[in-house]
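One structure is given below, encoded as structure tokens.
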Amino acid sequence: MTSVPLDTRAVPPMPEKTPKALRAAIAQYAPQLLVDFDRHWRRDIADAYDLAPVPAFMARWWSEYSLARDPQLEAKVHSLEDAAGQESDYSRAKALLAEAGDLRRAAAKAEPGQ
């Protein structure tokens, strides 16, 4: 008999790196982000004659989704950020924000399928 690990949550894989695939993944796994994603898309991309903002749009929302698809990681990042906001010692607050930033950057490096 094999034992089942206590942490059985499955983090959904990252989608293809296209706006359409990213939107579908957000709709399915992180619907709390969908309104802001769509608003940002309509405001900055949908009617644009210049596609220059698309890479920045994708980078931002790739990062947001990568974090939101893992509720435990997202909670840890927000906890660190909240703790930094309450910290009276500047060095400690800076360290907490640096740790949160490191986690955000690591999440944003996820590749499709990971």
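The values are calculated or read from the model by the stated rules, or taken from the named source; none is laboratory data. The shown structure was predicted, so the numbers you read here are calculated from the model rather than taken from an experiment. Neighbour counts are summed over all protein chains in view; Cβ atoms, including those assigned to glycine, are modelled from backbone coordinates with ideal geometry.
Some points to look at:
- Of the residues making up the range 71-87, those that are more than 27 Å from ILE45 (Cα to Cα) and either surrounded by 15 or more Cβ atoms within 10 Å (Cβ to Cβ) or in contact with a strand residue (DSSP E or B) (Cβ under 7 Å, 6 or more places away or on another chain) (or both) are LEU73, LYS76, VAL77, LEU80, GLU81, ALA83, ALA84, GLU87.
- Helices (runs of 4 or more DSSP H) wholly inside the range 45-114 containing at least 3 residues that are aromatic (Phe, Trp, Tyr) and at pLDDT 95 or above: 54-68
- Looking only at residues of the range 15-44 that are small (Gly, Ala, Ser) and in contact with a helix residue (DSSP H, G or I) (Cβ under 7 Å, 6 or more places away or on another chain), we find that the one that is surrounded by the most Cβ atoms within 10 Å (Cβ to Cβ) is ALA25.
- Condition met for LEU73 (among the hydrophobic types (A, V, I, L, M, F, W, C) and in contact with an Asp or Glu (Cβ under 9 Å, 6 or more places away or on another chain)): no
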